Every structure is written in structure tokens, then in C-alpha cells.
């Protein structure tokens, strides 16, 4: 009987060890599965971050390319303004001279070249004042909030304001 008792005791201990060992691999498997899921989620986030980075970098590259000439175009605006003012103040007696026609041609070519680069004139006179596109230089009698005169043309380059138009804005008093 004692022998049976000894045999049973090790058997019970063995069963406990087997039960403990069977729990351990399950627990290890669950831990490793949780770790693997964590790594997978981390990898997915990294992949999404990388895709977002590529999109952002491409967008920045396109914007840089599109607006790379903004400084050059801006520096040519005073030249365009001066040519326009010179042509506007011509006396009728010199209007048909060859060199005057040459200056007009240079003005038209410069304006066309700048337009081909995305330069557009901001419409001012008669429209509602918009601080995004207009810079109010003075208020004068006229319809309130309406641009009644332009002192200097404004320009956009594609969808960005390169130079706001300098304007006179109506103050609501009747014009004389």
C-alpha cells in the first residue's frame, strides 16, 4: 500500500507539473501573439506615416516648383507698371512713331510672358473691397465698401496674391 501511495504521489505531482507546463505555453503564446500584434500595428502606423510623408514631400515639391519664379515675377512688376504709366501718358502727337510702337510691343510681350507664368491682374474698380486682394489707401465719397478707384494694380501668381491692389474705397457718402 505504501508503494501504491508513493506511486500515486509522484503521479499527482506529475499532473500538476503537466498542468503548469500546459498553462505556460498558452500564456507564452498569448504574450507572443500580443507582441506580434503590437509590432504589426506599429509597422502599419510607420507605413502610413511614410505614405503621408511621401505625399507631403511631393506636394511641397510641386508648390516649390510652381512658385519658384515668384521672386523674379515680383521684381518685374515695377517695370511693367512703369511701362504702363509711360504708355498712358503719351502725347497724341507721338502716338504713331516707330519707337513708340516698339515700346508698346515690349510692354505687350512682357505682359504676355508674365501671364504665361501664371500672373493675373486683380480686378478692383467696382467690386466689393476684399482685404485679401486689396489694400485700402484712402476712403472717398462713393458706395460704402466698394472699390471706387485703383492707385496701383494688384496681381496674383496662380492662386496666391503676389501684390494686393492699392485702392480707394467708398465711405458711403454721395459722390459729388
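The values are calculated or read from the model by the stated rules, or taken from the named source; none is laboratory data. Since we're looking at a predicted model, the values are computed, not measured. Neighbour counts run over all protein chains shown; Cβ positions are idealised from the backbone, glycine included.
Could you tell me whether residue 125 is under 21 Å from residue 80 (Cβ atoms) and either modelled with pLDDT under 95 or assigned to a loop (DSSP other than H, G, I, E, B) (or both)?
Here the answer is yes, as residue 125 does meet what is asked.
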Applying the selection to segment 141-151, what residues are assigned to a strand (DSSP E or B) and surrounded by 15 or more Cβ atoms within 10 Å (Cβ to Cβ)?
-> 146, 147, 148, 149, 150
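Going through segment 158-176 one residue at a time, which ones are out of contact with any strand residue (DSSP E or B) (no Cβ under 6 Å at 6 or more places or on another chain) and surrounded by 13 or more Cβ atoms within 10 Å (Cβ to Cβ)? If you could, list the steps in order and put the result at the bottom.
Within segment 158-176, the subset out of contact with any strand residue (DSSP E or B) (no Cβ under 6 Å at 6 or more places or on another chain) is 158-161, 172-176.
Residues satisfying the conditions are 158, 161.
What residue, of 82, 49, is assigned to a helix (DSSP H, G or I), surrounded by 11 or more Cβ atoms within 10 Å (Cβ to Cβ) and without any contact (Cβ under 8 Å) to a residue 40 or more places away in the chain?
Numbers: 49 fails: surrounded by 11 or more Cβ atoms within 10 Å (Cβ to Cβ).
That would be 82, the only listed residue that is assigned to a helix (DSSP H, G or I), surrounded by 11 or more Cβ atoms within 10 Å (Cβ to Cβ) and without any contact (Cβ under 8 Å) to a residue 40 or more places away in the chain.
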Determine whether residue 89 is modelled with pLDDT under 95 and over 33 Å from the mean Cα position of the chain (by Cα).
-> yes
